[in-house]
Amino acid sequence: GEDVEQSLFLSVREGDSSVINCTYTDSSSTYLYWYKQEPGAGLQLLTYIFSNMDMKQDQRLTVLLNKKDKHLSLRIADTQTGDSAIYFCAESLTGGGNKLTFGTGTQLKVEL
Amino acid sequence: DVKVTQSSRYLVKRTGEKVFLECVQDMDHENMFWYRQDPGLGLRLIYFSYDVKMKEKGDIPEGYSVSREKKERFSLILESASTNQTSMYLCASRGTGGYSPLHFGNGTRLTVT
């Protein structure tokens, strides 16, 4: 079955790197996504990775995928106060129709 | 840019009322979704639709129904609202194709008293 898990909270100092982790159970994932939700808003796509890739870099964001361990991570370099938000990972499955399954979300707090 | 619009940001309803949450997208997407978001539980899929007049149950459909009479509009209906349906409701749409991400509206915070 589908199950996507994340830790609930992460606190970092401004300027440090943040690493948000996600584990999933279904090995038939095709695409994995990271979304960001700012207070009072809907979810906004940050980045995605295809399941046959190990890494993807996009400016300050680095996505790492360990398919053997079913582990996905999002690293934010030089974290800023504007990065404070909830971050969700999500997976799209082969044969899963067009729906995405989301993790529980990680609340990132950036302290000065 | 894809725009997904939810008709209300905040709603307060009484137990037993029939509630309609409306969602409109402007990108001609075939797929539309309703999620609810609760602290510590993430997003849970209520219903989704592949096409006009088609609907599929998600993970938590009990107490909800949906309507998709036009491609751009997907409505979520609470037939008889209950306090445990107090939540943030998020509508999303998605095109076809493996990569296509979900595009979300800003959400409707529903309080049932």
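The values are calculated or read from the model by the stated rules, or taken from the named source; none is laboratory data. For clarity, every value in this text was computed on a predicted model and none was experimentally measured. Glycine gets a Cβ as well: all are built from the backbone with ideal geometry, and neighbour counts include every protein chain shown. SASA here: full protein model, heavy atoms, side chains in, ligands and nucleic acids out. Shrake-Rupley method; radii C 1.70, N 1.55, O 1.52, S 1.80 Å.
Observations, loosely collected:
- Counted residues, segment A:34-68 - those being closer than 16 Å to A:Q80 by Cα, within 12 Å of another protein chain (Cβ to nearest Cβ) and among the hydrophobic types (A, V, I, L, M, F, W, C): 1
- Number of positions in segment A:6-31 that are within 22 Å of B:W34 (Cα to Cα) and at pLDDT 90 or above: 1
- Of all the residues in segment A:69-103, those that are open to solvent by 20 Å² or more (accessible area, probe 1.4 Å) and modelled with pLDDT of 90 or more number 11.
- In this structure, A:S51 does not satisfy being exposed (fewer than 15 other Cβ atoms within 10 Å of the Cβ) and of a type in the set (G, A, S).
- Checked against (1) under 27 Å from B:K57 (Cβ atoms); (2) more than 10 Å from chain B (Cβ to nearest Cβ); (3) not charged (D, E, K, R), A:T81 passes all but a single condition, namely (1).
- Odd one out for B:Q25, checked against (1) touching a Phe, Trp or Tyr at 6+ places or on another chain (Cβ under 7 Å); (2) open to solvent by less than 10 Å² (accessible area, probe 1.4 Å); (3) more than 9 Å from chain A (Cβ to nearest Cβ): (1)
This table checks each residue for (1) in a strand (DSSP E or B); (2) within 11 Å of chain A (Cβ to nearest Cβ).
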{"residue": "B:M32", "(1), (2)": "yes, yes"}
{"residue": "B:R44", "(1), (2)": "yes, yes"}
{"residue": "B:K53", "(1), (2)": "no, no"}
{"residue": "B:S75", "(1), (2)": "yes, no"}
{"residue": "B:P101", "(1), (2)": "no, yes"}
{"residue": "B:N106", "(1), (2)": "no, yes"}
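- Test for B:F48: is it within 20 Å of B:R9 (Cβ to Cβ) and facing another protein chain (nearest Cβ under 10 Å): no
- Residues being surrounded by 12 or more Cβ atoms within 10 Å (Cβ to Cβ) and within 11 Å of another protein chain (Cβ to nearest Cβ) - total across segment B:1-22: 4
- When the test is whether a residue is at positive phi and either of a type in the set (A, V, I, L, M) or touching a residue at least 24 places away in the same chain (Cβ under 8 Å) (or both), B:G107 passes it.
- Among the candidates A:T23, A:T30, residue that is in contact with a strand residue (DSSP E or B) (Cβ under 7 Å, 6 or more places away or on another chain) and either open to solvent by less than 20 Å² (accessible area, probe 1.4 Å) or away from chain B (no Cβ under 11 Å) (or both): A:T23
- Condition check for B:T108: among the polar types (S, T, N, Q), in contact with a strand residue (DSSP E or B) (Cβ under 6 Å, 6 or more places away or on another chain) and open to solvent by less than 40 Å² (accessible area, probe 1.4 Å): yes
- A:Q6 falls short on exactly one of the conditions (1) within 11 Å of chain B (Cβ to nearest Cβ); (2) open to solvent by 50 Å² or more (accessible area, probe 1.4 Å); (3) more than 21 Å from B:A92 (Cα to Cα), and that condition is (2).
- Residues that are open to solvent by 30 Å² or more (accessible area, probe 1.4 Å), in contact with a strand residue (DSSP E or B) (Cβ under 7 Å, 6 or more places away or on another chain) and under 22 Å from A:Y35 (Cα atoms) within segment B:39-59 comprise B:R44, B:D59, listed in sequence order.
- Number of residues in segment B:69-104 that are touching a residue at least 60 places away in the same chain (Cβ under 8 Å) and of a type in the set (K, R): the value is 1.
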